[in-house]
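Take a look at the following structure, please.
The values are calculated or read from the model by the stated rules, or taken from the named source; none is laboratory data. Bear in mind that the values here come from a model prediction, so they are computed numbers and not experimental data. In this analysis, Cβ positions are derived from the backbone assuming ideal geometry, glycine residues included, and neighbour counts consider all displayed protein chains. Side chains are part of the model used for accessible areas, which takes the heavy atoms of the whole protein and leaves out ligands, DNA and RNA. Shrake-Rupley method; radii C 1.70, N 1.55, O 1.52, S 1.80 Å.
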Amino acid sequence: MSSAHHIAVQEAIAANPRAGPKALTIEQYRARQSGQSNRRLQEDYRLTQIPKVRTPKRRGGATAKLRRERAALLDRVNADPPPTWAEATALWLKIDALEQQQQQKQRAGEQRRQQQQQRSQAVAAAAEQKQ
């Protein structure tokens, strides 16, 4: 840069101090840099953030699977054209086995609920006796 140009820039800055480059303190510089890095981190986070997806509740998963299998077997039994007698017999045996499993699971669930009710009643009775 020539000295004449340098002097012209200095005079322009002196005439209008807000137009020229700003002299920053080290604290201002660090604050500016940390702000930029924070913004970059936030932008990166927004890019990598996985959108929420609604998932079905998994309650009763085993019994639901048994119901689906049973429904599929019933569809095969009732298909048009119908299966052979041997195949239909095998399908009905599988359906009966699935129904028995489903009933066992229902009975086990009822027993667990009864046990849980008994425990909660025992806890409530013990709490009443303490009072």
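Could you list, in sequence order, the residues of the stretch 90-126 that are under 16 Å from residue 67 (Cβ atoms) and of a type in the set (S, T, N, Q)?
Across the stretch 90-126, the qualifying residues are 100, 101, 102, 103, 104, 106.
Which condition from (1) hydrophobic (A, V, I, L, M, F, W, C); (2) in contact with a Lys or Arg (Cβ under 7 Å, 6 or more places away or on another chain); (3) at pLDDT 90 or above is the one that residue 97 breaks?
Checking residue 97 against (1) hydrophobic (A, V, I, L, M, F, W, C); (2) in contact with a Lys or Arg (Cβ under 7 Å, 6 or more places away or on another chain); (3) at pLDDT 90 or above, the one that fails is (2).
Also: Any idea which of (1) open to solvent by 100 Å² or more (accessible area, probe 1.4 Å); (2) modelled with pLDDT of 90 or more is the one residue 108 doesn't satisfy?
(1)
Go through the stretch 107-123 and give me each residue that's among the hydrophobic types (A, V, I, L, M, F, W, C) and over 33 Å from the mean Cα position of the chain (by Cα).
Residues of the stretch 107-123 that are among the hydrophobic types (A, V, I, L, M, F, W, C), as a first pass: 108, 122-123.
If the condition is that a residue be among the hydrophobic types (A, V, I, L, M, F, W, C) and over 33 Å from the mean Cα position of the chain (by Cα), then 122, 123 are the ones that fit.
Which residues, counting only those in the stretch 67-81, are open to solvent by less than 100 Å² (accessible area, probe 1.4 Å) and under 20 Å from residue 101 (Cα atoms)?
69, 70, 71, 72, 73, 74, 77, listed by residue number.
Would a scan of the stretch 120-131 turn up a residue that is in contact with a helix residue (DSSP H, G or I) (Cβ under 8 Å, 6 or more places away or on another chain), open to solvent by 50 Å² or more (accessible area, probe 1.4 Å) and without any contact (Cβ under 8 Å) to a residue 40 or more places away in the chain?
The initial filter retains those residues of the stretch 120-131 that are in contact with a helix residue (DSSP H, G or I) (Cβ under 8 Å, 6 or more places away or on another chain), namely none.
Checking the stretch 120-131: not a single residue is in contact with a helix residue (DSSP H, G or I) (Cβ under 8 Å, 6 or more places away or on another chain), open to solvent by 50 Å² or more (accessible area, probe 1.4 Å) and without any contact (Cβ under 8 Å) to a residue 40 or more places away in the chain.
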